[in-house]
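I have placed the structure first, in the form of structure tokens, so that the comments after it can refer back to it.
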Amino acid sequence: MNVLSCLAVTDAVARFGLQKCTKASSLIMAIGCWLRSGLGIVPSIFELMGIRQDYVSFLETELFGVPLFGLPPYPVLVVGTLMVGMAQPFFQCTPPLLSAQWFASNERATSSAVALNFNQVGIAMAFLVAGSMAGDNIDRGDAIKDGLTRYFALIAILSTVVSVGTFLHFQDLPPVPPSASELEKLQKSQNHRQPPFHVSVRTFFSTPGFARPLVAFIFSIAITNVVGAFIDEVMERGGVTDRRAISWAGCGFEFAIVLGGIFLGKYVDRTKEYKRVTSVCILLSLIFILPLGLTEHKLGKEPVLLVVSLLLLGFFVGPVQPINAELAVDVTYPGDETAVESVQQFGGNLCSALFVPVAGKAAKLDYQILPNVPLLASDIRGDVIFMMALAIPTFCFYRSFNAPLRRSMADGD
């Protein structure tokens, strides 16, 4: 649903406006979260009030054989999940448009980095909160079920708070365009509307320079999703087996993505060195991916090396997404920013959905490195080889980028 919804964002925003679409999406997401939660929040409220034991029989009420105050039936969970998936692209595909409308030319990469990569904060919190809510003993099925109910309820409450904030504070447009390029685009839009999404897509792929930031974006989102999906196994290779330590490592990886986007985004805003920064990030990512797959080697069993590599990988691979979102918008100017990001999100999420199962199977394979050199001999897992195989052709393809930065030229940068 998330991937398919990416295809509808551009035309919906063009027809109804960003403000209405964002507010409607926040409401849909909140409703979807409550469908996933059901009335599971009631036992938690009673527990906070200290009266849960007094209402045990009431809380065990069933409706058509299903606990009324537990997780909702599976079909309801599916509907709620689909609603959340449908709403999410309206937040993922619009940051470049927000940056263009509200931020100056020397602030846009940082703005997009905050908006795009702040999704990782939710994942970071999930590593910490979800694990603790599920209970310390994984053999206690009731504790896990109760913890999952509380977790879904917490998400529903937070999504409601954020939705209310969106309705109260999300504005349409600033009184004055923040840049020369945005002013020029607004003037042109009075006589010429943006074409439909499918027309924009054809135009983008015929525009010199569009394909390379797209491939870099897909590479970045694929690596972050693969590492995040198999963080438990990755950490166990380095001797980190404590559940709490693994959760903190996963949280650190996600926050490193956010911080990297902010720091490197600021540098790109000042210098417009999209190509150089991205190329360096891909090369460094290739280096820091390697320790994540080492086994049967003193380096592979060193937790410090593993955690440091994990954090540095997040710091350098994460910023590739917002930097190349802005680069793609720059080379396709005055194209539709939402259409550009919709193509990137569609490609990134679709490829991630395909790559994660492949990486999962590859993780079961071991390969020897320099077996005849005792100091360097090691086994390496197939998932890391798979990720390195993504990084190398991405770098080779990207380094040939050579296209005019049309929006930067319109801004006089």
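The values are calculated or read from the model by the stated rules, or taken from the named source; none is laboratory data. Quick caveat: nothing in here was measured; it's all calculated off a predicted structure. Neighbour counts are summed over all protein chains in view; Cβ atoms, including those assigned to glycine, are modelled from backbone coordinates with ideal geometry. The accessibility values were calculated without ligands, DNA or RNA, using every heavy atom of the protein model including side chains. Shrake-Rupley method; radii C 1.70, N 1.55, O 1.52, S 1.80 Å.
Couple of notes before you dig in:
- Charge-dipole axis of the chain as Lys and Arg at +1 and Asp and Glu at -1 on Cβ define it, positive-most pick from 198, 409, 320: 409
- Sequence-distant contacts, meaning Cα pairs under 8 Å at least 6 residues apart, place the relative contact order of the chain at 23 percent.
- Taken over segment 1-120, the alpha-carbon convex hull comes to 138 cubic angstrom per residue.
- Subset of 272/361; 23/361; 23/275; 23/185 violating a 30 Å alpha-carbon distance limit: 272/361; 23/361; 23/275
- Cβ-derived FRET efficiency at R0 60 Å, residue 171 paired with residue 366, nearest 0.05: 0.65
- Rolled with a 1.4 Å probe across the full set of protein chains, the surface gives residue 351 an accessible area near 30 Å².
- The residues 99, 105, sorted by heavy-atom accessible surface at 1.4 Å with ligands and nucleic acids left out, run 105, 99 from largest to smallest.
- Student exercise, segment 204-251 dipole from Lys, Arg, Asp, Glu Cβ charges, in Debye to nearest 20: 160
- Solvent exposure of residue 364, expressed as accessible area, is near 150 Å², computed with a probe of 1.4 Å over the protein chains only.
- A crude spin-label estimate for the pair residue 62 and residue 267, with each label 7 Å from Cα along the Cβ direction, gives 6.1 nm.
- Along each principal axis, Cα extent of the chain, largest first, Å: 69, 64, 31
- Take the Cβ atoms of residue 81 and residue 203, set R0 to 35 Å, and the FRET efficiency comes out at 0.55.
- Segment 205-252 - Kirkwood radius from inverse mean 1/r over Cα pairs (Å): 12.6
- Among the protein heavy atoms, those of residue 11 account for about 70 Å² of accessible surface (1.4 Å probe, every chain in place).
- Extension gain for residue 53 to residue 19 (0.36 nm times residue separation, less C-alpha to C-alpha distance): 7.7 nm.
- Added length on full extension, which subtracts the Cα-Cα distance from 0.36 nm per residue, residue 186 to residue 211: 6.4 nm
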